[in-house]
Amino acid sequence: MYNLIGAGLIVIGAGIGLGQIGGKAMEGIARQPEATGKIQTAMIIIAALLEGLAFGALFLGK
Amino acid sequence: MKDVSKVIKKLVLFLAIGSSLQGFAVSEGQKEGTVSSKEDVDAYILHHIKDAHDFHLFSYTNSEGERKHVGFPLPVILWSSNGLVTFMSSEFHHDDNGEVVVEKNGSKFVKLHSKIYELEEGATSLSLDEHHHAANAHRVLDFSITKSVFGILLVGLFMLWAFSSLAKQYKNKSVPTGFGRVLEPLVIYVRDEIARPNIGEKKYRKFTGYLLTVFFFIWILNLLGLTPLGFNVTGQLAVTAALAIFTLVIYTFSGNKDYWMHMLWMPGVPVLIRPVLAIIELAGAFIIKPFSLLVRLFANISAGHIVVMSLIAIMFTLKETLTVGGATALSLVLSFFITLIEVLVAFLQAYIFTMLSALFIGMAVAEHEHEHEHDAEGHVVPDAEDVRGDFI
């Protein structure tokens, strides 16, 4: 039961984080379309780091 | 003449695969029921996620009401208390509950939940304690060619063939033909988009081989996991841990003086903080970086497999409420779209693993250099580091 609540909290946190990353990256691309490639690469790296953290937490809580 | 030998080669390969399928390891009279309840679905999914000692394609019940399993056995190689023991996994007759005892070299073996145990001296059958663990048996060193090992060998051979034939083509002409045309853009992509920008123009060549290998290895295995063969190689912790350790070893041993300096005795911060930073940096380099690599790949692929199989299982779990046709249609639509997403995830995870490996290697080999920006007339534009230097 508690680990399900914990999993929910992790997903909420990761969702907020991913939303921030995606949203800011889109803002950046809209302002500077010529930097799309660089922004996308950085976005994917940070999203991957966040995902690693979230999966690590889910994995430990299992 | 060359074409003829090619056709013969393909024919032999096809026959080899075909004949191994002919050798069905069909066992008689298993009493396992079909998957119907929620518990069955859970057990089936967990069984799929784990590694197995035989290749199980599908099961069916024949007209006499017997349960038949179709697949092929794989070799079991054990180091028991009486030395090396080898036999085919078909001797267990698809038993996974420790009921079938195989006697070899004076040792008795049973298979319980995909793990092989050796019975203690004098024991004739397996008994379980209250936690459903083996009470009178112990684990043996298991070097078996399991399903995952088989998958790794298969992909290894495929990559050896695909990339050596691609490399050979460049001897005669500059443009590859056939399957090489599919591989060339991917190789160029990994080199120019992953290795070069992250490691740096001077040193990327040395590490491109590793990055290409790891990229194609993970990608092909991820895609293989989406076929109905039931591979889940990149969803095994041991496999992803080994890949992460490769990256760890490479960036640890190729780290230059600046890298170790910044890790152990960070310049530019107060002396009292330096040991604290050293602990954090050491934990980051040796625990957090490889751990994040291995857990990400493992969790993504396992989660993908669980989701696909859960959606397929809608057929069984919702057949009372939605009728058989409705449940099948729903599960078909959902699992089709999630499989499409999984194809994307298969590429993305290979890309991210390679990208982060390149990034970590790039951090370790980065030269400490300070470049100045130039304006249109070629004058040096002072940046933040110059300005700060004026104040100190």
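Since every read-out is calculated from the coordinates, none of them should be taken as a lab result. Keep in mind that what you see is a predicted model, and the values were worked out from it rather than measured. Backbone-built Cβ (ideal geometry, glycine too); neighbour counts: all protein chains shown.
In table form, for the structure just shown:
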read-out	value
Calculated from backbone phi, Karplus (6.51, -1.76, 1.60) coupling profile of region B:62-74 in Hz, x at Gly/Pro	7, 5, 8, x, 8, 8, 10, 10, 10, x, 9, x, 10
Local net charge near B:Ser127, Cβ-Cβ under 12 Å (Lys/Arg +1, Asp/Glu -1)	-4
Cα gyration tensor, region B:149-365 - rounded (a/c under 1.5), prolate or oblate	oblate
Coil-residue trypsin sites (Lys or Arg not before Pro) of region B:87-120, DSSP, other Cβ within 10 Å capped at 12	none
Cα centroid separation, region B:204-223 to region B:230-254 (Å)	12
Taking B:Lys289, B:Lys203, B:Lys147, A:Lys24 and counting other C-beta atoms within 10 Å, the order from fewest to most	A:Lys24, B:Lys203, B:Lys289, B:Lys147
For B:Lys108, distant residues with modelled amide H under 5 Å away	B:Leu119
Per principal axis, descending, Cα span of region A:2-61 in whole Å	46, 15, 7
Neighbour-count ranking [beta-carbon atoms within 10 angstrom, fewest first] of B:Thr208, B:Thr234, B:Thr213	B:Thr213, B:Thr208, B:Thr234
Residues whose placed amide H lies under 5 Å from that of B:Gly71, excluding near-sequence neighbours	B:Ala25, B:Leu57
Shielding score for B:356-366, defined as the mean number of other chain Cβ atoms within 10 Å	1
Spin-label model distance (nm) - A:Gln32 vs B:Leu157, 7 Å beyond Cα toward Cβ	5.1
Shielding by partners - mean other protein chain Cβ count within 10 Å, residues of B:292-299	5
For region B:230-241, 3J(HN,Hα) per residue [Karplus equation, 6.51 cos²θ - 1.76 cosθ + 1.60, θ = phi - 60°, Hz, x = Gly/Pro]	x, 6, 9, 6, 6, x, 9, 4, 4, 5, 5, 5
In order through region B:191-199: 3J(HN,Hα) via Karplus (6.51 cos²θ - 1.76 cosθ + 1.60), integer Hz, x for Gly, Pro	5, 8, 9, 10, 6, 4, x, 8, 9
Long-range HN-HN contacts of B:Met88 with modeled amide H, under 5 Å	B:Val76
Kirkwood-Stokes translational diffusion coefficient of the protein assembly as shown, alpha-carbon pairs, 4 °C, 1.567 mPa s, µm²/s	49
Computed E for B:Phe246/B:Ile287 - FRET, C-beta separation, R0 22 angstrom, nearest 0.05	0.85
B:His53, B:His133, B:His113 arranged by Cβ crowding within 10 Å, fewest neighbours leading	B:His133, B:His113, B:His53
Spatial separation of Cα centroids for region B:110-169 and chain A, in angstrom	36
Label-point gap, in nm, between B:Phe337 and A:Val11 - each point 7 angstrom along Cα→Cβ	1.7
Efficiency of FRET between B:Phe347 and B:Leu84 - r from beta-carbon atoms, R0 41 angstrom, step 0.05	0.50
